[in-house]
Amino acid sequence: ETGVTQSPTHLIKTRGQQVTLRCSSQSGHNTVSWYQQALGQGPQFIFQYYREEENGRGNFPPRFSGLQFPNYSSELNVNALELDDSALYLCASSTGAERANEKLFFGSGTQLSVL
Amino acid sequence: SQKIEQNSEALNIQEGKTATLTCNYTNYSPAYLQWYRQDPGRGPVFLLLIRENEKEKRKERLKVTFDTTLKQSLFHITASQPADSATYLCARTGANNLFFGTGTRLTVIP
């Protein structure tokens, strides 16, 4: 078990609604990354936060936004939900050092269903 | 585009045998490859990292190889056990993120 916790574990929303997912990083980690994992696929990078600043973004539209707080916890917000947003959303924390080869510590994810 | 591919969607193997999973990459040379294990409904768990100048890395019953000529990494589990049943993901490192393959679902049959 990692020290990364995510809430809620499951969520059901309807198309057009907005959702906020939360993540507490592992103690000592200052970097949080968010990934989207569709059924049968590998995780896809959404964005990363390092010391409260966005530090890289994948190929996701602006309606996916995030925050990182002084305690390094993080939120992922998704506006105007679409059916294709249904997926497992994973939060991963890391130390931020040695970026090229750092391993990630993942939470158990939030399963989002958009109806 | 720079792709990372795990060609086998699923692999069934008898308990006690060696499981070998394949990860291929095209159009680039990653400096590092990582392997993760993912159980249903859980997040991936880091297993091993291998650098491009390392031919092989081991951890207990796990072994990873990196062949830059074939553009391939192989992941081996020796003396496989039913508890090894899971999805295994390979990933290459980007500037500040990982690019994952689609994973191989391994089932070890008692």
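Quick look at the numbers
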{"quantity": "Antiparallel %, DSSP beta bridges [both residues in chain B], to 5", "calculated": "90"}
{"quantity": "Fraction of accessible area attributable to carbon and sulfur, chain B (%, probe 1.4 Å)", "calculated": "48"}
{"quantity": "Whole-Å distance, taken between Cα centres, linking segment B:79-110 and segment A:42-115", "calculated": "21"}
{"quantity": "P(r) tail fraction, chain A - alpha-carbon pairs more than 19 Å apart, %", "calculated": "39"}
{"quantity": "Share of carbon and sulfur in the accessible heavy-atom surface of chain A [1.4 Å probe, %]", "calculated": "49"}
{"quantity": "Electrostatic dipole magnitude of chain A [Cβ: Lys, Arg +1; Asp, Glu -1; Cα centre; debye, to 20]", "calculated": "120"}
{"quantity": "Relative contact order of segment A:30-96, defined on C-alpha pairs under 8 angstrom at six or more residues apart (%)", "calculated": "41"}
{"quantity": "Dipole of the protein assembly as shown, positive direction: furthest Cα of B:19, B:43, B:30, with charges on the beta-carbon", "calculated": "B:19"}
{"quantity": "Cα gyration tensor category, rounded, prolate or oblate, for chain B with a/c compared to 1.5", "calculated": "prolate"}
{"quantity": "Leading residue at positive end of dipole, chain A (Cβ point charges), from A:69, A:25, A:11", "calculated": "A:11"}
{"quantity": "Peptides A:80-92, B:91-103, B:4-16, B:68-80 ordered by average Cβ neighbours within 10 Å, highest first", "calculated": "B:91-103, A:80-92, B:68-80, B:4-16"}
{"quantity": "Accessible area buried between chains A and B, both sides summed, probe 1.4 Å, in Å² to nearest 100", "calculated": "1600"}
{"quantity": "Shielding by other protein chains, B:32-41, mean Cβ within 10 Å", "calculated": "3"}
{"quantity": "Whole-number Å³ per residue for the convex hull built on Cα positions in the protein assembly as shown", "calculated": "121"}
{"quantity": "For residue A:34, net neighbour charge (Lys/Arg +1, Asp/Glu -1) across residues whose Cβ lies under 15 Å away", "calculated": "-2"}
{"quantity": "Drop in accessible area of at least 40 Å² in the complex versus isolated chain, residues of segment B:67-104, 1.4 Å probe", "calculated": "B:96, B:97, B:98, B:100, B:102"}
{"quantity": "Charge context of residue B:110, other residues only, Cβ under 15 angstrom, K/R +1, D/E -1", "calculated": "-1"}
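The values are calculated or read from the model by the stated rules, or taken from the named source; none is laboratory data. Remember, it's a predicted structure, so these values are computed and weren't measured experimentally. Don't worry about glycine lacking a Cβ; one is built from the backbone with ideal geometry, like all the others, and counts go over all protein chains shown. Calculation scope for accessible area: heavy atoms of the full protein, side chains included, ligands and nucleic acids excluded. Shrake-Rupley method; radii C 1.70, N 1.55, O 1.52, S 1.80 Å.
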